[in-house]
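One structure is given here, and the rest of the page talks about it.
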Amino acid sequence: MTTPSQVRIVEVGARDGLQNEKTLLPAAVKIELIDRLSATGLRSIEATSFVSPKWVPQLADAAEVFSAINKKPGVSYPVLVPNEQGYARARAVGVTEIAVFAAASEAFSRKNINASIDESIARFEPVLARAKSDGVKVRGYVSTVLGCPYQGEVPLADVVRVARRLHDLGCHEISLGDTIGVGTPGKAKAMLKAVANEVPMAALAVHFHDTYGQALANILACLEEGVAVIDSAVSGTGGCPYAKGASGNVASEDVVYMLHGMGIVTGIDLDRLIDTGAWLAAQLHKDTASRVTRARTAPP
Ligand code: HMG
Ligand code: MG
């Protein structure tokens, strides 16, 4: 396979990033974050999550945030939905793209959403059916594709089975998530290849966390395999409440810097992205996890 000449970044900071941040941000800050991201040239911005507010208090204001963001033409704003209740809440405020999520690890599935993998997929079936009849686009996440905090190794066959099932159920894109950031490039490549035997590469995305500092290396390995959609979070926000030491998503600024350095087109204004990352870190009262933003905003 050849490395793609263009890549679409799916910015997940406002959802996957914030859902694991301890500092609760007011809705107005989240709205400003998404509007700033829209102005960078990003075309896919995951806006929020309509899960149970008891499970993810940070995103209890999903309806307020989604309603108020400036929906820029040509930009998609998918939201995470765990069940029919979340779907109804999302549709009530005009959502037209959603994302559903299942784990490749049985143990993780039970901790994350209180259901087995098969139960979680069964729960999504009515959501996917309604989405189809409503003309709502659905993205599917598979988490823990390269390791699980509870069961350790996750068999490749389980990753392939869940990815294939979500694709068969109508998900237009499947994002393969190394939720706890334990993967290394050879394993990432082998995992992507195995899934691509069952789901077309054009329908796949990769989603790395940087816990062990392997995220960019893993992304490069997957680019060489032909993947052209990459999830990342501005300022590298996030973590995983169920995985000790898990750090945030790979920082969007670092991914874009690498891609542009390789001559790969993203359509994103890196300077604006860096400004947004630095601004978000200040809102969260923490240092940015982006090496690029640190380098560019360091005092002389
Ligand atoms: P549950 O407690 O097992 O189920 O939660 P329940 O159906 O009995 O609901 C309990 C209460 O929540 C009820 O309220 C429901 O009405 C309410 P009560 O009667 O107690 O007052 N409820 C809701 N409220 C608002 N919106 C809803 C909703 N659903 C139920 N949609 C449930 C089951 C799935 C709801 C819960 O476990 C949940 O919301 N989990 C989400 C946790 C989460 O967001 N985890 C992170 C997902 S991201 C990820 O996994 C990885 C990814 O980022 C990729 C990667 O990094 O690898 C995608
Ligand atoms: Mg993630």
- Note on the structure: Over the stretch 197-217, the set of residues more than 12 Å from ligand 1 (Cβ to nearest atom) and outside any helix (DSSP H, G or I) is Asn197, Glu198, Val199, Pro200, Leu204, Tyr212, Gly213, Gln214
- Counting only residues in the stretch 130-187 that are under 24 Å from Ile98 (Cα atoms) and among the polar types (S, T, N, Q), the one nearest to ligand 2 (Cβ to nearest atom) is identified as Thr179
- Task: Answer yes if at least one residue in the stretch 171-184 is among the hydroxyl-bearing types (Ser, Thr, Tyr), closer than 25 Å to Gly86 by Cβ and crowded, with 17+ Cβ neighbours inside 10 Å, and no otherwise.
- Result: yes
- Message: Restricting to the stretch 254-273, name every residue that is more than 19 Å from the chain's Cα centre (by Cα) and either of a type in the set (Lys, Arg) or under 17 Å from Ile34 (Cβ atoms) (or both).
- Response: Asp269, Arg272
- Message: Can you report the number of residues in the stretch 110-166 which are among the hydroxyl-bearing types (Ser, Thr, Tyr) and either more than 10 Å from ligand 1 (Cβ to nearest atom) or on the phi > 0 side of the Ramachandran plot (or both)?
- Response: 4
- Which is assigned to a loop (DSSP other than H, G, I, E, B) and either touching an Asp or Glu at 6+ places or on another chain (Cβ under 9 Å) or away from ligand 1 (no atom under 16 Å from the Cβ) (or both), of His285, His260? His285
- Query: So is Phe108 buried (at least 20 other Cβ atoms within 10 Å of the Cβ), modelled with pLDDT under 95 and farther than 24 Å from Gly239 by Cβ or not?
  - Reply: no
- Taking interchain pairs and intrachain pairs at least six residues apart, which have beta carbon atoms under 6 angstrom, with the first residue in the stretch 156-177 and outside any strand (DSSP E or B) and the second of a type in the set (Gly, Ala, Ser) and open to solvent by 10 Å² or more (accessible area, probe 1.4 Å)? Leu156/Ala194; Val160/Ala194
- Query: Taking the stretch 9-54, which residues are in a helix (DSSP H, G or I), within 16 Å of ligand 2 (Cβ to nearest atom) and of a type in the set (Gly, Ala, Ser)?
  - Reply: Gly13, Ala14, Gly17
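The values are calculated or read from the model by the stated rules, or taken from the named source; none is laboratory data. From a predicted model like this one, the values you see are computed outputs, not experimental measurements. Ideal geometry is used to build each Cβ from the backbone, glycine not excepted, and the neighbour counts take in all protein chains shown. Side chains are part of the model used for accessible areas, which takes the heavy atoms of the whole protein and leaves out ligands, DNA and RNA. Shrake-Rupley method; radii C 1.70, N 1.55, O 1.52, S 1.80 Å.
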